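Peer 1: First the structure, which I've put down as structure tokens, then a few questions once you've had a look.
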């Protein structure tokens, strides 16, 4: 049995398998605006490569955004469909939390376009700053005021280099009752832009 790990919220497509928190296999590459056509074939590929079938899936962990409007919905729709069809548990995490480092407090960012960033700060399992949208100037100011924090994610729009992170391992770590969806039909994407002025 294995837990399926999925995220398509930003420009990368992430598909993985884990068992008891240990990553068995993963597929992770840039697939901007192609996640909808690539995710199902990649799920089939990773299952076949590990001599598993869909019936061997005992749970799904999925990133629920923020991120690309369409991208976020792809992984969520697949996770909900599998959860319903196979009657397995679905675990949900903020896609920003999947960027965190295990080594240090981490500023996690995605490009939200129009001079803004999706933004959150984590230190281990503790969320220091909740997911929000900030202007790029606000993000850069926060970074300058927290020089010892790692900055991870889609950072090219800020003119800085991202640190290293492992989306798949962070998804595997999400297989925990704290992140269990009580009702898969109520899983909704996080669209932070809807909350901005």
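The values are calculated or read from the model by the stated rules, or taken from the named source; none is laboratory data. All of these numbers come straight from a predicted model, not from anything done at the bench. Cβ: placed from backbone, ideal geometry, glycine included. Neighbour counts: every protein chain shown.
Peer 1: Does the stretch 177-188 contain at least one residue that is without any contact (Cβ under 8 Å) to a residue 12 or more places away in the chain, under 29 Å from residue 27 (Cβ atoms) and not assigned by TED's automatic domain parsing to the domain that holds residue 15?
Peer 2: Within the stretch 177-188 (the criterion being without any contact (Cβ under 8 Å) to a residue 12 or more places away in the chain, under 29 Å from residue 27 (Cβ atoms) and not assigned by TED's automatic domain parsing to the domain that holds residue 15), the answer is no, since none of the residues qualifies.
Peer 1: Taking the options 192, 180, name whichever one is closer than 30 Å to residue 82 by Cβ, touching a strand residue (DSSP E or B) at 6+ places or on another chain (Cβ under 7 Å) and at pLDDT below 95. Let's see the steps before the verdict.
Peer 2: Working: 180 fails: at pLDDT below 95.
So the residue among 192, 180 that is closer than 30 Å to residue 82 by Cβ, touching a strand residue (DSSP E or B) at 6+ places or on another chain (Cβ under 7 Å) and at pLDDT below 95 is 192.
Peer 1: Another one. What pairs come up if the first residue lies in the stretch 136-153 and is assigned to a helix (DSSP H, G or I), the second is surrounded by fewer than 12 Cβ atoms within 10 Å (Cβ to Cβ), and their beta carbons are under 7 Å apart, counting only those six or more places apart or on different chains?
Peer 2: Correct list of pairs: 136/115.
Peer 1: Under the condition of being out of contact with any strand residue (DSSP E or B) (no Cβ under 8 Å at 6 or more places or on another chain) and over 27 Å from residue 1 (Cα atoms), which residue from the stretch 91-134 is surrounded by the most Cβ atoms within 10 Å (Cβ to Cβ)? Break it down stepwise before answering.
Peer 2: Step one: filter the stretch 91-134 for residues out of contact with any strand residue (DSSP E or B) (no Cβ under 8 Å at 6 or more places or on another chain), giving 102, 113-114, 124-126.
Imposing the further condition that a residue be over 27 Å from residue 1 (Cα atoms) reduces the set to 113-114, 124, 126.
Values: 113: 10, 114: 10, 124: 13, 126: 8.
If we take residues in the stretch 91-134 being out of contact with any strand residue (DSSP E or B) (no Cβ under 8 Å at 6 or more places or on another chain) and over 27 Å from residue 1 (Cα atoms), then 124 is surrounded by the most Cβ atoms within 10 Å (Cβ to Cβ).
Peer 1: Just name the residue that is surrounded by the fewest Cβ atoms within 10 Å (Cβ to Cβ) out of those in the stretch 11-31 that are under 24 Å from residue 154 (Cβ atoms) and free of Cβ contacts under 8 Å to residues at least 24 places away in the same chain.
Peer 2: Filtering the stretch 11-31 for residues that are under 24 Å from residue 154 (Cβ atoms) and free of Cβ contacts under 8 Å to residues at least 24 places away in the same chain, the one surrounded by the fewest Cβ atoms within 10 Å (Cβ to Cβ) comes out as 30.
Peer 1: Collect the residues in the stretch 112-133 that are assigned to a strand (DSSP E or B) and either free of Cβ contacts under 8 Å to residues at least 60 places away in the same chain or on the phi > 0 side of the Ramachandran plot (or both), keeping them in residue-number order.
Peer 2: Keep residues of the stretch 112-133 that are assigned to a strand (DSSP E or B), which gives 112-113, 116-123, 126-133.
Residues satisfying the conditions are 113, 117, 119, 120, 121, 122, 123, 126, 127, 128, 129, 130.
Peer 1: Here's a follow-up. If I ask for residues that are within 12 Å of residue 7 (Cα to Cα) and touching a helix residue (DSSP H, G or I) at 6+ places or on another chain (Cβ under 9 Å), which ones from the stretch 74-90 would you list?
Peer 2: Listed by number, the residues that qualify are 74, 75, 78, 79.
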